[in-house]
Structure formats: structure tokens, C-alpha cells
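Right, one structure below, let's go through it.
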Amino acid sequence: MVFTIIKKLFSSENKPEPFNNHINEAFGNVKRDMGHISKWIEHFKNKHDDHEKQFQILHNRINKFEMMLAELSNNSNQELEETFVEEDKSMPQSSQWESLTETQQKLCWLVARLQSEMPNQWISLKYLAQEIYPDKDYNKVRSTLSSYINILEEIGYIERKRNGKQTYVYSTKRNPCTTGKIKMKVKMKNEIKH
């Protein structure tokens, strides 16, 4: 008998309306909160996956650099021999020229040579990269090439300008390779593997 009374009290027809509304509102709030939590979990999972991919890319690059360094140390007998001939013996090489690395000097010479082939035209950095690193992707050598150009621009051998997303260079009169004071001949003792 007691159970029948309790059952009647809590039957749907005897429940007060505000009680039903509060329960529905509470469950609605819980459902909405769970939806927000689910979105945050998905957001952080996507970020984690993205970071994992970036980490893997960097890890692979480091491994490639380590292999390249090992290969370079094993192939130390394969060198690039560069011979510089001064046409004007009375003019000694400047200390700025001597402070450049062989690669930077080669780049200076290449810009001067291209400038003589295409007078009064600015040379795109992309074209220069194809000339100096023919087997490499431009995006992989762009920062290295840009740092070399920075140094040559600081000492006044090369001018640089941007047009949209493209960068262009031009050999100045201060470039010893442009003036013909220095000529460069490049010989490979052995072909260096990249």
C-alpha cells in the first residue's frame, strides 16, 4: 500500500511542472557542457596530431643532416678546387673579398656572369638557386642562399629588391667579378654526391 501511494506521488500526472522543467533544464545544461568538452578534446587532439607531424618532419630532417655530415666527413678527399686569377696584378684583393667563403665568392662570380649574359636585368633568386644548386628544391636552399645574399649585399657587391613574392639580385660595380679584376675558374676534382 505504501508503494502504491509513492508510485502515485511520483507518477507523471502528479509531478509538479516546475520539477519537470528543472530536470529537463539540468539535463540540457549537462548535454551542452558535454558538447563543449567534446569540442575541446577534439581541438586538443588535432593540435597534438599536428605537433606530432611537425616533430616527425624535424626528426627526419635532423637524420638527413646527420647522414649528410657523415657522408661529407667520409668524402673529405673530394674537394671543389677554385682558382682565382687576377687580371690586374697591381690591385690587391680586398680584405672584404678574402673574408668571403669559397661558396660566397662563387655566388658573386655567378651573379656577375649572369649579369653579363643578361645586361640590365635583375636575376631572380629562384633562377640563381637553379644555377648554383641544380639538383636541389628551391624551398630547401632558399634560406641558405638568402643568407649568402645578405652578406654580399652588406659589403656592396650585390643589390637586392623584392617584387611581390619574388626576390631579385643585381651585381654592382663594387663586385670584383663584375669589373673583371678577378676571374674564377671552377674545377671539380671528383663529383661531389648530394
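Values for this structure:
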read-out: Residue match in the stretch 164-177 (condition: of a type in the set (Val, Ile, Thr), modelled with pLDDT of 85 or more and part of a helix (DSSP H, G or I)); value: no
read-out: Some residue of the stretch 121-135 being surrounded by fewer than 11 Cβ atoms within 10 Å (Cβ to Cβ), over 30 Å from Lys173 (Cα atoms) and modelled with pLDDT under 85; value: no
read-out: Some residue of the stretch 28-41 being modelled with pLDDT of 80 or more, surrounded by 10 or more Cβ atoms within 10 Å (Cβ to Cβ), among the hydroxyl-bearing types (Ser, Thr, Tyr) and outside the structural domain of Glu153 (by TED's automatic domain parsing); value: yes
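The values are calculated or read from the model by the stated rules, or taken from the named source; none is laboratory data. Because the structure is a prediction, the values reported are computed rather than measured. Cβ: placed from backbone, ideal geometry, glycine included. Neighbour counts: every protein chain shown.
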